[in-house]
Amino acid sequence: MNFETYISNTKISDNTKKTYTMNYDNYLKQFENANKIIPKELIPAVVEYIGTLDKSNNTKMMLIAILINLMNFSGYSTVDIKKIQTAMFETKKKQTIIRKNTKEQVLPSLKVIQKYMKNQLKNEDYRSYIINYILINYHVRNMDLDCTIVFKAKDVNDTDNFLLVRATDVVYVRNKYKTVNNYGKKTYKIRSRPFTRACQRYVEAGDTRLLATNSNLTYEISKYTYEGLSESDYLKICIDSIDFNTNFRKLDLISERRGTSTAVLISEYSIKVK
């Protein structure tokens, strides 16, 4: 049950591999023996240790998932540990309901954040306007906003994210985002004169990178959103504005643009669905 061997033989994205490796090194590596293997007889102790961690249920579920994958890789029975995993899923459902009830009370409406976005343009805070525009209209994650503004198609590559400014529109190119392995490269033509002008003015002011070089994108982006809200908060607000009975197609549009299934959007991000 060597982690390095397991991770090298797993068909998951590089970002997921990094996440698994970081969590394994931080929490589970201490249980390895001299051969860098977690002995089968130590698994109950590992499970008990995970349960005692002063961490969120999501972190504990991540560690259990890593352990189950390792056990499957080694051919060990996972019947008992999967019962624990099921119980953790139930806990997560209850926490999600509580979180949704709280968010419903405190999150602003779509009109409020749209007004904030327009005010940022009036105030010539082009970085903030561009970030808010993309979050509200394309429902992206933090990583998707890590992009460069360019004016020539030859400056666009196949690995990074770009805003290609043209005469009458901006092409938003996403090569680097969480679910790219599932949905592939995404390209959108943004036909908005205010948005196009904002991109032009932003570069004229002396910058081409939408975000500063910062390892903490959540913190970086929150400096430009309404009251420091996160990208997931913006997503919840946009979903909450939809009448599921009459305009369900809007949810499909959000699903396509974000790169997340409609089912996940409803279960994890819809405030109105408990």
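Place a +1 charge on the Cβ of each Lys and Arg in the chain and a -1 charge on the Cβ of each Asp and Glu, then give the dipole magnitude about the Cα centre in debye, rounded to the nearest 20.
Dipole about the Cα centre, nearest 20: 880 debye.
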task: Output ³J(HN,Hα) for region 141-151: one whole-Hz value per residue in order, computed from phi by the Karplus curve 6.51 cos²θ - 1.76 cosθ + 1.60 with θ = phi - 60°, and x for Gly and Pro.
output: 8, 4, 4, 5, 8, 7, 9, 10, 8, 10, 10
- prompt: What distance in nm separates the simple spin-label points at Lys83 and Thr10, each placed 7 Å from Cα in the Cβ direction?
  reply: 2.5 nm
query: What is the spin-label model distance, in nm, from Asn26 to Asn157 if the labels are put 7 Å beyond Cα along the C-beta direction?
result: 2.9 nm
task: Take the alpha-carbon centre of region 23-41, take the same for region 159-214, and report the distance between them in whole Å.
output: 43 Å
field: Portion, in percent, of the accessible area of region 144-274 that falls on carbon or sulfur, probe 1.4 Å
entry: 47 percent
- prompt: Assuming R0 = 22 Å, what is the FRET efficiency of Thr59 and Asn35, from their Cβ-Cβ distance, to the nearest 0.05?
  reply: 0.20
- line: Straight-line reach check, Lys250, cutoff 13 Å on alpha carbons, 8 or more apart in-chain or any other chain, hits among aspartates and glutamates -> Asp240
- prompt: Percent relative contact order of region 1-62, based on C-alpha pairs within less than 8 angstrom and at least six residues apart?
  reply: 33 percent
- prompt: How much accessible area does Arg197 have with a 1.4 Å probe, in Å² rounded to the nearest 10?
  reply: 100 Å²
query: What full-extension length gain, to one decimal in nm, is calculated for Lys111 and Ala263 as 0.36 nm per residue of separation minus the Cα-Cα distance?
result: 52.2 nm
- request: Go through 236-243, 154-161, 71-78 and give me the packing order, highest mean Cβ count within 10 Å leading.
  value: 236-243, 71-78, 154-161
task: Treat every Asp and Glu Cβ in region 226-266 as -1 and every Lys and Arg Cβ as +1, leave all other atoms uncharged, and give the resulting dipole magnitude about the Cα centre to the nearest 20 debye.
output: 180 debye
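The values are calculated or read from the model by the stated rules, or taken from the named source; none is laboratory data. Please read all numbers here as calculations on a predicted model, not as lab measurements. Don't worry about glycine lacking a Cβ; one is built from the backbone with ideal geometry, like all the others, and counts go over all protein chains shown. With ligands, DNA and RNA removed, areas are computed over all heavy atoms of the protein, side chains included. Shrake-Rupley method; radii C 1.70, N 1.55, O 1.52, S 1.80 Å.
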